[in-house]
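Each remark here refers to the structure printed beneath this line.
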Amino acid sequence: MMPAGKSDGPEAHIDRTAGDLEAVFDVPVRISVVLGRTKMPVSELLRLDTGTVIELDRQVGEAVEIFVNERLVARGEIVLVDSKLGVTMTEIIKPQ
């Protein structure tokens, strides 16, 4: 048995606040949302023009992938917010 007020190991409870993260608030991260993917030859890519429709490998309503610094972290849905597109996270992907 451990003395009162002392704890070691993963079960130790540590109170954290947003202030504890202040050092990383200004660290830039790259966030990407992948609506879908497709493959095409360079010759077809060079013929793309404004208004060209590209068929992707996803269906309407299917979850989009959310990447942070090129690492898959979540899946979500596209939402409309004040006439702008946004993403709502529906599933957090846990690292393996």
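The values are calculated or read from the model by the stated rules, or taken from the named source; none is laboratory data. Predicted, not measured: the structure shown is a model, and the values here were computed from it. No Cβ is skipped: glycine too gets one built from the backbone with ideal geometry, and neighbour counts run over all protein chains shown.
Just for segment 32-79: of the residues that are of a type in the set (Asp, Glu) and part of a strand (DSSP E or B), which one is nearest to residue 95 (Cα to Cα)? Full working, then the answer.
Narrowing segment 32-79 to residues of a type in the set (Asp, Glu): 44, 49, 55, 57, 62, 65, 70, 77.
Narrowing further to those that are part of a strand (DSSP E or B): 65, 77.
Working: 65: 15, 77: 21 Å.
That would be 65.
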For the list (1) more than 23 Å from the chain's Cα centre (by Cα); (2) at pLDDT below 95; (3) hydrophobic (A, V, I, L, M, F, W, C), I need the number of the one condition that residue 27 fails.
(1)
Is there any pair linking a residue in segment 69-89 that is more than 19 Å from residue 30 (Cβ to Cβ) and without any contact (Cβ under 8 Å) to a residue 24 or more places away in the chain to one that is in a loop (DSSP other than H, G, I, E, B) and among the aliphatic types (A, V, I, L, M), with Cβ under 7 Å and at least six apart or on different chains, and which?
77/63
Across segment 46-96, what is the number of residues that are out of contact with any strand residue (DSSP E or B) (no Cβ under 9 Å at 6 or more places or on another chain) and more than 14 Å from residue 35 (Cβ to Cβ)?
14
Residue list for segment 13-36, filter: of a type in the set (D, E, K, R), without any contact (Cβ under 8 Å) to a residue 24 or more places away in the chain and either exposed (fewer than 10 other Cβ atoms within 10 Å of the Cβ) or touching a Cys at 6+ places or on another chain (Cβ under 7 Å) (or both)
15, 16, 22, 26
Go through the residues of segment 54-74 one by one and say whether even a single one is at pLDDT 90 or above and small (Gly, Ala, Ser).
yes
